1. Only strands (runs of 3 or more DSSP E) wholly contained in region 139-251 count here; list those with 3 or more residues that are closer than 24 Å to Met97 by Cα and in contact with a Ser or Thr (Cβ under 8 Å, 6 or more places away or on another chain).
2. Out of Lys67, Lys45, which single residue is at pLDDT 80 or above, among the basic types (Lys, Arg) and surrounded by fewer than 16 Cβ atoms within 10 Å (Cβ to Cβ)?
3. Residue check, Glu365 against (1) modelled with pLDDT of 80 or more; (2) over 39 Å from the mean Cα position of the chain (by Cα); (3) among the acidic types (Asp, Glu), all met but one. Which one?
4. Here is a list of conditions, (1) at pLDDT below 75; (2) touching a helix residue (DSSP H, G or I) at 6+ places or on another chain (Cβ under 8 Å), and Ile393 meets all of them except one; can you say which number that is?
5. Within region 249-280, restricting attention to residues that are under 47 Å from the mean Cα position of the chain (by Cα) and either within 18 Å of Glu60 (Cβ to Cβ) or hydrophobic (A, V, I, L, M, F, W, C) (or both), which residue is modelled with the highest pLDDT?
6. How many residues, within region 555-575, are open to solvent by 20 Å² or more (accessible area, probe 1.4 Å) and part of a loop (DSSP other than H, G, I, E, B)?
7. Hey, can you tell me all the residues within region 323-346 that are of a type outside the set (Lys, Arg), exposed (fewer than 12 other Cβ atoms within 10 Å of the Cβ), within 39 Å of the chain's Cα centre (by Cα) and farther than 20 Å from Lys309 by Cα?
8. I need the full set of residues from region 482-525 which are closer than 11 Å to Thr571 by Cα, of a type in the set (D, E, K, R) and surrounded by fewer than 16 Cβ atoms within 10 Å (Cβ to Cβ), in order please.
Amino acid sequence: MNHSLKFRILSRMVLSISIIFLVLSVSILFVISDILRFSLESRGKDDMQLLAYYISDAQEDAEQASKILAINENVQQFLIREQKESVSDEVTSVRSMMSSIEKSVLLHDYVQSFCIVSNSHRGYWNTSPNSNDFLEWFEEHALGGSSVMDFRGFTDNYTFPVTINSSQPVQLVSYVCPVTSITRDHQLTIGRLIINLNFDQLIYKLKNQSNIFSQIAILNQDRELLYLSSGDESEFMEAASAITSNSQKIGGNYYISQYLPSTGWYLVTAADMSQSIHFLQGSYVVIGIIIMLFIILCILFCLYPLLNKITAQIGGLSSAIDQVRLGNLDTSVQLTGSSELTNISEGFNLMTVSIREHIRTSIEETERSQKLSFELLVAKINPHFIYNTLNSIIYLARKEQCQDIIQMTGAFIYLLQDSIHLGHSPLYARCENEAEVIRQYIIIQKYRYRDRFQFHLEFQPELKGYYIPRNILQPLVENSLIHGICTDDKPGTITLTMKKQQDLMEIVLLDDGVGMDQEYADKLLLASDDTDADRRARVRPIGINNIAGRLNYLFEGRHDFIIKSQAGAGTKITIHIPLVDDPDKNGK
């Protein structure tokens with residue numbers, strides 16, 4: 001899309017000013033970056049305390065849930081008598097126990113499930129109570145092949161696969177504790193309890209409380225990763241291992257670490273330093289934007305009148321250039337206001353004057369060159385024709401046909417005089433003179449092609465005194481004779497008619513020779529000089545296309561040149577040109 005010069009200048013001014021203010025804003029932001037980092041650190045530590053509280057609360061909830069389940073009367077009774085029941089009684093007892101727990105024990109939403117393990121190493125998972133699959137999977141993947149009976153406390157983070165109750169894998173951490181039965185004499189361990197915590201659910205809740213942390217991780221006592229909310233684990237652990245204080249900037253992130261004594265875990269969070277921009281007060285940003293827009297408008301208000309004056313004059317220059325492009329070379333401009341604009345207008349006006357003069361000179365030179373080339377073309381005589389004519393005269397002399405020699409020599413001399421003497425106009429000749437040239441040419445050809453053709457010339461006397469372009473008739477008659485009549489075995493007839501039709505001259509050349517296809521006839525008007533017809537003997541080497549070119553040069557748009565032909569039926573050439581009574585007034 002092309003925009004006006006004024007629009008482009010204004011847009012670039014606005015862009016430049018905006019870039020300047022942007023650079024200033026970035027500089028100011030860099031100056032206050034320390035303040036923003038301090039704000040991020042302070043906010044991060046506050047949110048870290050909140051996250052630590054939630055983690056500790058979750059750990060306490062897990063332990064509290066395990067204690068409640070461990071002392072539950074139904075759990076105690078089931079584990080004590082589990083080995084004494086039949087299979088059917090066991091199924092009934094399991095369902096009764098799970099139903100009682102669901103009604104009496106309130107678990108948090110991040111407690112994903114729990115499993116009761118008997119001393120006989122059989123697990124009763126609340127999601128699928130009568131299947132031991134969970135316990136087997138748990139010992140293999142969560143405990144690394146160890147027995148649940150030998151483990152107590154929190155496991156590492158692990159991924160639990162898809163189940164009928166979960167459409168996608170979840171991140172879990174499990175808490176394992178013993179279930180004991182206390183009698184008067186002693187304390188007896190009757191089973192194990194596994195509490196599964198959904199860390200994805202827990203961290204989701206934590207993230208809703210704090211939005212500045214991009215990553216939240218929990219490490220165990222050995223500083224091994226238990227849970228990572230997002231990102232690459234190896235990359236995060238590499239950064240976490242470099243932390244030497246509770247808060248530290250590493251790369252583009254700000255890391256905060258806190259130890260949780262209740263679990264022995266480490267809570268590590270990462271905040272993107274770019275988040276510090278959010279601590280800027282929104283009102284300050286709005287005020288800054290308003291001030292920047294006000295300054296831009298003031299600058300534009302001051303510069304607009306000058307800009308409008310310059311662009312208006314440049315617009316006028318652009319319009320003048322368009323006029324010159326459309327051919328109007330009389331256009332001129334007048335620019336004012338500065339020496340540069342004045343020089344541009346003077347240079348433009350001088351350029352248009354120079355172009356007009358150059359075009360005028362070029363046209364005159366082209367016309368002179370064209371005229372000279374046509375004059376040379378008209379004045380030219382074919383040496384091959386001269387040779388044939390003189391050879392015919394020698395033949396007649398040997399036959400002692402004196403009268404024929406006199407007639408043929410007279411005709412030849414007339415043709416030579418016509419070629420050498422161009423008369424008043426080098427491009428035109430009187431109609432009667434051109435008709436006489438044809439008669440003399442036919443006399444010579446009659447001796448060469450005896451009894452091969454008949455020629456009729458119909459010249460209207462009203463054409464006397466008018467002018468016709470030189471040497472357009474003889475080449476046409478020669479083509480009819482050489483290529484139309486003499487190429488056939490039978491004799492033929494050529495008829496040339498010249499008459500006046502109102503303000504036009506009509507020339508019709510008709511022969512009954514071999515003819516040609518109409519398509520080929522049309523091509524003759526566009527053919528080059530090097531056609532077979534031009535290479536054959538003739539008085540002047542001017543082909544059909546040269547005649548068409550001369551007529552177009554002399555009567556552009558005011559003439560007709562038509563060739564109609566049919567193979568075996570002859571050829572008809574029709575020419576209409578304006579009547580010329582004074583060649584000097586015809587414009588050429």
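The values are calculated or read from the model by the stated rules, or taken from the named source; none is laboratory data. Because the structure is a prediction, the values reported are computed rather than measured. When we count neighbours, we look across all protein chains shown, and the Cβ atoms used for this are built from the backbone with ideal geometry, even at glycine. Areas reflect the complete protein model, heavy atoms only, side chains present, ligands, DNA and RNA absent. Shrake-Rupley method; radii C 1.70, N 1.55, O 1.52, S 1.80 Å.
1. 170-182, 187-198
2. The unique qualifying residue is Lys67.
3. Only one criterion is unmet by Glu365, namely (1).
4. Evaluating Ile393 over (1) at pLDDT below 75; (2) touching a helix residue (DSSP H, G or I) at 6+ places or on another chain (Cβ under 8 Å) leaves (1) as the failure.
5. Ala270
6. Qualifying residue count, region 555-575: 7.
7. Leu326, Gly327, Asn328
8. Asp517 - this is the single residue of region 482-525 that is closer than 11 Å to Thr571 by Cα, of a type in the set (D, E, K, R) and surrounded by fewer than 16 Cβ atoms within 10 Å (Cβ to Cβ).
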